[in-house]
Amino acid sequence: MSHPLDPALSKTDREQISARLHRFTTALDEKDFHAYADCYTEDGILELPWGQHEGREGLAEAVSANLAKFPRTQHTTRDHVITQDGDRGTLRAQLHSVHWRSEADTDPWIVEGIYDCRLTRTASGWKFSNVALSVVSQQGGHDELEAL
C-alpha cells in the first residue's frame, strides 16, 4: 500500500479517486441520486450513523428518501488521504455538510465528519465499494431522517 504522496500512487489514480468523491458530493447537492448511486460498485455499501444500505440497487431511492426533503444542501470535502494497492484503494476525507429545511431556514442541520471509503478500479473507473461516515459534530435537528 502506498502513501498518498508516494510516487507509486500515480497522479492519474490519485486524481480519479479524488474526482469520484467530488462527483459523489455534487450528485447529492444536485439531487441526482442515480448519478450518486453510480459512484458505487454493484455490491457497494453505504454506512451512516442512522442506517446502512447494501448494493447499488435501491441506493438512489434510499438516499433520496432523506435528502430530497432538504431544498438545498452543500457537501464539501477536504484533506483527501488516498492509498492504493493494485485495483483497490482507500480514501479518507473530512466532510462539512449543510442541509437547509427551507429556502428561508436560518438554523440548518450542519454535519462535520469523516468519510472512510474503499474503492475498486472497474472498467468504468474507480467506484466506491464501501463508504462509511463517522460524525464528529452536528448542530441543528435531523429528527426527520429515515433509516436506510
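The values are calculated or read from the model by the stated rules, or taken from the named source; none is laboratory data. Note that this is a predicted model, so its numbers are computed, not measured. Quick reminder, even Gly has a Cβ in these numbers, built from the backbone with ideal geometry, and neighbours come from all protein chains shown.
Please enumerate the residues belonging to region 102-116 that are touching a Gly at 6+ places or on another chain (Cβ under 8 Å) and of a type outside the set (Val, Ile, Thr). Within region 102-116, Asp107, Pro108, Trp109 qualify.
Report yes if Thr77 is among the polar types (S, T, N, Q) and touching a Lys or Arg at 6+ places or on another chain (Cβ under 9 Å), otherwise no. Against the criterion (among the polar types (S, T, N, Q) and touching a Lys or Arg at 6+ places or on another chain (Cβ under 9 Å)), Thr77 does not qualify.
I'd like to know if region 65-73 contains one or more residues that are of a type in the set (S, T, N, Q), in contact with a helix residue (DSSP H, G or I) (Cβ under 7 Å, 6 or more places away or on another chain), closer than 25 Å to Pro108 by Cα and part of a strand (DSSP E or B). Scanning region 65-73 turns up at least one residue that is of a type in the set (S, T, N, Q), in contact with a helix residue (DSSP H, G or I) (Cβ under 7 Å, 6 or more places away or on another chain), closer than 25 Å to Pro108 by Cα and part of a strand (DSSP E or B). Close contacts from region 118-135, counting a first residue that is in contact (Cβ under 8 Å) with a residue 40 or more places away in the chain and more than 19 Å from Leu48 (Cβ to Cβ) and a second that is outside any strand (DSSP E or B) and of a type in the set (S, T, N, Q), with Cβ to Cβ under 8 Å and a gap of 6+ residues or different chains, come to Gly125/Gln16; Trp126/Gln16.
Restricting region 96-123 to residues that are of a type in the set (Gly, Ala, Ser) and either more than 18 Å from the chain's Cα centre (by Cα) or at pLDDT below 95 (or both) leaves a set whose member that is nearest to Ile17 (Cα to Cα) is Ala123.
The number of residues in region 1-54 being hydroxyl-bearing (Ser, Thr, Tyr), farther than 19 Å from Ile114 by Cα and either within 12 Å of the chain's Cα centre (by Cα) or modelled with pLDDT of 95 or more (or both) comes to 1.
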